[in-house]
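Below is one structure; the comments refer to it alone.
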Amino acid sequence: MSAEYQKEMIERINLLRKERNAVILAHNYVLGEVQDIADFVGDSLELSIKAKNTGCDVIVFCGVKFMAETAKILSPGKTVLHPVPASGCPMADMADADKLRKLKALHPGAVTVCYVNSTAEVKTEVDICCTSANAAKIVAAIPADKEVIFLPDKNLGANVSIALNRPMILWPGFCPTHMRITAEMILRKKNEFPDAFVIVHPECTPDVVALADKYLSTGGMLRFARETEHKKIIVGTEQGIIHRLQRENPDKMFIPVSEQAVCPNMKMIELNDVLNSLEKMQYEIILDPDTIAKAAAPIIKMIEAGS
Ligand code: SF4
């Protein structure tokens, strides 16, 4: 794309953004060109909460589908657009409400904790949501005599289970992108950059997490990068975050653990799709009021828990 064409496209996006009273949200993992024109860049829940608190009429969510659904759940009166409907999250799609109902029937009395990376339908069946930042705090607040079903990410669940020394029933879902980061890759990078600090995301497997200096959510990584004295940081998560880390901390060096840690679903939305979305008001997230009410309850419970 020529620089001139890109400039023209951005001007049209800016015009439509005003006309429609829209905010553009971009997840930390989406293409840099989309992050650069967004009103807010962040993790999925943070973005949905920000959009809820603005006076906008339209939310364009550049991220995967469950994120746009969460924005709709928290802002049911606003029009939420997802520019590329095919951009879904394989991990979220690994859990379904029917199977969850069956699992819950096998464990009556269990508390069901659901990572926000899940579909609206699944959220209607759970007791409380969590993020990768607050998962341990949410589980720790559940009485010790209660069983816990954790879904859909078995790795986040296992990392929480290890941290709290508490067994949990783990749904067998996983993030294919974070599963591509292996312990060998961490060891290789540590060898290459022996003075670097290692941060990884808790969607990585426990053997990877065990080799890191810290495991952090994407929001936690951004905060850590701003505050740390370390100048060289090895980053074990989806590569898109490097764009923002580097932009916000030009004096520091961020080394991705692996060039393979790319979520193709997060890269589907391009500038052109954002423009089409605003021009044609596509593709609207439609959820029925009952689903919205039921799916909002565990998210609100999490927020009220102060997490
Ligand atoms: S990085 Fe993983 S959890 Fe995030 S959207 Fe991609 S597959 Fe889903």
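The values are calculated or read from the model by the stated rules, or taken from the named source; none is laboratory data. Please read all numbers here as calculations on a predicted model, not as lab measurements. Methodologically, a virtual Cβ is constructed for each residue, glycine included, from the backbone with ideal geometry; neighbour enumeration extends over all protein chains shown. What goes into the accessible areas is simple: the full protein's heavy atoms, side chains included, and nothing from ligands, DNA or RNA. Shrake-Rupley method; radii C 1.70, N 1.55, O 1.52, S 1.80 Å.
Regarding SER48, is this residue crowded, with 24+ Cβ neighbours inside 10 Å and either outside the structural domain of LEU151 (by TED's automatic domain parsing) or within 16 Å of the ligand (Cβ to nearest atom) (or both)?
Values: crowded, with 24+ Cβ neighbours inside 10 Å: yes; either outside the structural domain of LEU151 (by TED's automatic domain parsing) or within 16 Å of the ligand (Cβ to nearest atom) (or both): yes.
Spelling it out, SER48 is indeed crowded, with 24+ Cβ neighbours inside 10 Å and either outside the structural domain of LEU151 (by TED's automatic domain parsing) or within 16 Å of the ligand (Cβ to nearest atom) (or both).
Cβ separations smaller than 9 Å between residues 6+ apart or across chains give the following pairs from segment 96-110 residues that are within 13 Å of LEU170 (Cα to Cα) to residues that are part of a helix (DSSP H, G or I) and of a type in the set (Lys, Arg): ALA110/LYS104. Taking segment 250-272 as the range and being open to solvent by 20 Å² or more (accessible area, probe 1.4 Å), more than 16 Å from GLY63 (Cα to Cα) and modelled with pLDDT of 95 or more as the test, the residues that pass are PRO250, ASP251, MET253, PRO256. Can you spot a residue in segment 273-284 that is within 18 Å of the chain's Cα centre (by Cα), open to solvent by 50 Å² or more (accessible area, probe 1.4 Å) and in contact (Cβ under 8 Å) with a residue 40 or more places away in the chain? No, there is no match, as no residue in segment 273-284 is within 18 Å of the chain's Cα centre (by Cα), open to solvent by 50 Å² or more (accessible area, probe 1.4 Å) and in contact (Cβ under 8 Å) with a residue 40 or more places away in the chain. Here is a check on your reading of the model: is ASN155 in a helix (DSSP H, G or I), polar (S, T, N, Q) and either in the same structural domain as VAL122 (by TED's automatic domain parsing) or within 10 Å of CYS204 (Cα to Cα) (or both)? Judged against the criteria, ASN155 is a match.
With CYS56, CYS130 as the choices, which residue is in the same structural domain as ILE37 (by TED's automatic domain parsing), away from the ligand (no atom under 12 Å from the Cβ), open to solvent by less than 20 Å² (accessible area, probe 1.4 Å) and in contact (Cβ under 8 Å) with a residue 12 or more places away in the chain?
CYS56
The number of residues in segment 59-112 being open to solvent by 40 Å² or more (accessible area, probe 1.4 Å) and within 16 Å of the ligand (Cβ to nearest atom) comes to 7.
More than 16 Å from the ligand (Cβ to nearest atom), part of a loop (DSSP other than H, G, I, E, B) and touching a residue at least 12 places away in the same chain (Cβ under 8 Å), is that true of LYS137? For LYS137, the condition - more than 16 Å from the ligand (Cβ to nearest atom), part of a loop (DSSP other than H, G, I, E, B) and touching a residue at least 12 places away in the same chain (Cβ under 8 Å) - is not met. Evaluating GLU184 against the criteria (1) under 22 Å from the mean Cα position of the chain (by Cα); (2) at pLDDT 95 or above leaves one unmet condition, (1).
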